[in-house]
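Please read the structure below before turning to the comments.
The values are calculated or read from the model by the stated rules, or taken from the named source; none is laboratory data. Predicted model, so just to flag it, every value in this text is computed and none were measured. Quick reminder, even Gly has a Cβ in these numbers, built from the backbone with ideal geometry, and neighbours come from all protein chains shown. Surface accessibility is based on the protein's heavy atoms, side chains included, excluding ligands, DNA and RNA. Shrake-Rupley method; radii C 1.70, N 1.55, O 1.52, S 1.80 Å.
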Amino acid sequence: MMERRDRLDWRAMALLVVLCASWGVQQVAVKAIIDVVPPLTQAGIRSSGAALLLWIWMAMQRKALFARDGTLWQGLAAGALFGGEFLLIYWGLTHTTASRAVVFLYLSPFVVAIGAHLFIPGERLRQMQVLGLICAFAGIVAAFGESALLTEHDTFTGDVMLIGAAVLWGATTVLIKGGRLAGISAGKTLFYQLGVSAVVLALGAVALGEAWTGELTPLAVASLLYQTVWVAFITYLVWFWLVRHYPAGRLSAFSFLTPLFGVVAGGVLLGEPVTLALIAALILVGTGIYLVNRPERRKN
């Protein structure tokens, strides 16, 4: 019987920090080769390659991947949401700045909190947890607020796309946690996501007319391997395992760490400045995570 927990333990927190750091560094990996491999093409390669690796891994584990278990339609829906999320993220970045994008994208935990509150029994957020989510989001605003206030470009379309991506991200988490997908293996859940998103992203790349000559520099190979093997295969598999075993709203609070790790990676690898706003953001995010995961006091 699958063990479920009502709050995050140290193992889950450690895994989440590793995941968020990995996803933050991924942003640098994508930007580093965007002139060689277009963004949606990168995403399509990542999903396709990771789906193949997952298929091989499931076969080696002798775990059923195509057995009928009543999850097909929900799995396809989750995959479509997942693919649509990344399509909107990468497409939206052509219309708005990365700073604005990350602020809007990380509205997702609020979508998860509201969705879990409405649709998942036993995951209603208390007032202190809501305050933690607000505090963590304030950290994101502190880190990116200055540049997010710039309106020199036509950013409205991109902003709407990133808000849409945040809604899709949150909806995917709630669908997996609250539906039949919660009762199947993390590997099969991820395969739905990767398989469907590979098709969605490939069609998106064609629709946007992305041109790729097929040239692969050593940096491009390293970036694509990182995105495919580590991020889309390993970290996503761990993420969906966590979603099945821990409260969705509390897991999503940790997602606020991802853009902060991205800024740190940008500072170390790309020479971007680490500002006082980032330090303030780290404090706010840490406080928010504590409030969201603070155990409820039992009344005597």
Heavy atoms only, probe 1.4 Å: what % of the accessible area of the chain goes to carbon and sulfur, would you let me know? 68
Pop the C-beta distance of I56 and R7 into the FRET formula with R0 = 41 Å and round what comes out to the nearest 0.05. 0.70
When the Cα centres of the range 187-266 and the range 47-91 are compared, how far apart do they sit, in Å? 12
Taking the Cα centre of the chain as the origin and placing charges on Cβ (Lys, Arg +1; Asp, Glu -1), which of L201, Y290, I45 is farthest toward the positive end of the dipole? Y290
DSSP loop GluC sites (Glu not before Pro) with at most 14 other Cβ within 10 Å: longest gap in the chain: 4-151
Through the Karplus equation 6.51 cos²θ - 1.76 cosθ + 1.60, θ set to phi - 60°, convert the phi angles of the range 122-136 into ³J(HN,Hα) values in whole Hz; use x for Gly and Pro. x, 10, 6, 7, 7, 4, 5, 5, 4, 4, x, 4, 5, 5, 5
Residue-normalised accessible area of the chain, given per residue in Å² at a 1.4 Å probe: 49
Under the 0.36 nm per residue contour assumption, what length would be gained going from the current alpha-carbon distance of T287 and T94 to full extension? 66.2 nm
Accessible area of T96 in the full protein assembly, 1.4 Å probe (Å², nearest 10): 10
Rg and Dmax of the chain, Cα atoms, in Å? 18.8, 68
Kindly report, to the nearest 10 Å², the accessible surface of W241 as traced by a 1.4 Å probe over protein heavy atoms only. 70
The chain, relative contact order in percent, only Cα pairs under 8 angstrom and at least six apart counted: 41
What figure in square angstrom, to the nearest 10, would you give for the accessible area of K31 with a 1.4 Å probe? 120
Report the gain in length on full extension from L131 to W230: 0.36 nm times residue separation, minus Cα-Cα distance, nm rounded to one decimal. 32.3 nm
Output ³J(HN,Hα) for the range 215-220: one whole-Hz value per residue in order, computed from phi by the Karplus curve 6.51 cos²θ - 1.76 cosθ + 1.60 with θ = phi - 60°, and x for Gly and Pro. 5, 10, 7, x, 5, 5
Quick one: 3J(HN,Hα) in Hz for the range 167-172, Karplus 6.51/-1.76/1.60 with θ = phi - 60°, rounded, Gly and Pro as x. 5, 5, 4, x, 5, 4
